[in-house]
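Written below as structure tokens is the structure these notes are about.
The values are calculated or read from the model by the stated rules, or taken from the named source; none is laboratory data. Model, not experiment: these values are computed from the prediction. FYI the Cβ positions are ideal-geometry reconstructions off the backbone, even for glycines, and counts take in every protein chain you see.
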């Protein structure tokens, strides 16, 4: 009876997860095989999962033979923006979290509460004043317009701070006895223990920067400077009746985030416990 009572919930969970996996995988598989079909086949053959003839012309035309929609240029723009913003966020967030969790100064808790309160406001309300600032600095159609505004993500500061709070304060005290200052404690003691949570912050930041559509659409109007996500909108306008080309462009766009998740998943799982990683 005990085995039966345990088997049924596991079976239900398995069936549910299987259905969810199918719902997620089927559209992705459909997009992949469609990108290897010719436009004539997509328009005339009708519903057929696998291509009658596998072709790579959709990719070669988008990547190498199309000056109107420079997909490779957009790809490199997105890579520059996403990588630069990720590095900047890691520096700013780790230092800010260290200050809010380790340093003692007047108004620290009030400042942190105020910082958390800003999360209640949707980011869209900042678009107009943020654009005014970017325009004043002369950053329109500049990589800095997409890199700098996302440097101090409040949620990332909160995440790293909560992780850092669980690191025993005795580590700091032992380092101070040896003559270490605040920066040396941060760099030599705290930073190595933050690797799991910083990997997750990097994962979130890179993915958000890569997939961002609204803000780059506002600050970039030069086709050569556009990242790949808003660039795909132009691709849709260029190939309204060519879904195979659209699928090829979309699949090229998801490759970096897919690889990132593939190699960083273990850090993602580690950080969810918000533990310091200290072994007894």
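Checked against the criterion of being touching a helix residue (DSSP H, G or I) at 6+ places or on another chain (Cβ under 9 Å) and either under 19 Å from residue 141 (Cα atoms) or not in a loop (DSSP other than H, G, I, E, B) (or both), the candidates 50, 72 yield just one match: 72. Would you confirm, using the coordinates I've provided, whether residue 186 is more than 17 Å from the chain's Cα centre (by Cα), in a helix (DSSP H, G or I), touching a residue at least 60 places away in the same chain (Cβ under 8 Å) and crowded, with 19+ Cβ neighbours inside 10 Å? In short, yes. In segment 25-40, of all residues being in contact (Cβ under 8 Å) with a residue 24 or more places away in the chain and part of a helix (DSSP H, G or I), the one that is surrounded by the fewest Cβ atoms within 10 Å (Cβ to Cβ) corresponds to 32. With the condition kept exactly as written, say whether any residue in segment 5-25 is closer than 30 Å to residue 253 by Cα and touching a helix residue (DSSP H, G or I) at 6+ places or on another chain (Cβ under 6 Å). No.
Flag: residue 80 does not match the condition of being in contact with a helix residue (DSSP H, G or I) (Cβ under 8 Å, 6 or more places away or on another chain), within 28 Å of residue 204 (Cβ to Cβ), part of a helix (DSSP H, G or I) and at pLDDT below 90. Put simply, of 244, 250 the only residue that is at pLDDT 85 or above and part of a helix (DSSP H, G or I) is 250.
Just to be sure I understand, how many residues within segment 154-175 are touching a helix residue (DSSP H, G or I) at 6+ places or on another chain (Cβ under 7 Å) and surrounded by fewer than 19 Cβ atoms within 10 Å (Cβ to Cβ)? Matching residues across segment 154-175 total 7. Which one is modelled with the lowest pLDDT among residues in segment 189-198 that are buried (at least 20 other Cβ atoms within 10 Å of the Cβ) and assigned to a helix (DSSP H, G or I)? Per the stated criteria, the residue is 196. Considering the conditions (1) in contact with a helix residue (DSSP H, G or I) (Cβ under 8 Å, 6 or more places away or on another chain); (2) under 30 Å from residue 68 (Cα atoms); (3) assigned to a helix (DSSP H, G or I), residue 225 is excluded by exactly one of them, (3). Taking the criterion of being modelled with pLDDT of 90 or more and within 23 Å of the chain's Cα centre (by Cα), would at least one residue in segment 6-21 satisfy it? Yes, segment 6-21 contains at least one residue that is modelled with pLDDT of 90 or more and within 23 Å of the chain's Cα centre (by Cα). Based on this model, can you work out whether residue 75 counts as without any contact (Cβ under 8 Å) to a residue 40 or more places away in the chain and either farther than 30 Å from residue 187 by Cβ or buried (at least 18 other Cβ atoms within 10 Å of the Cβ) (or both)? Answer is no for this residue.
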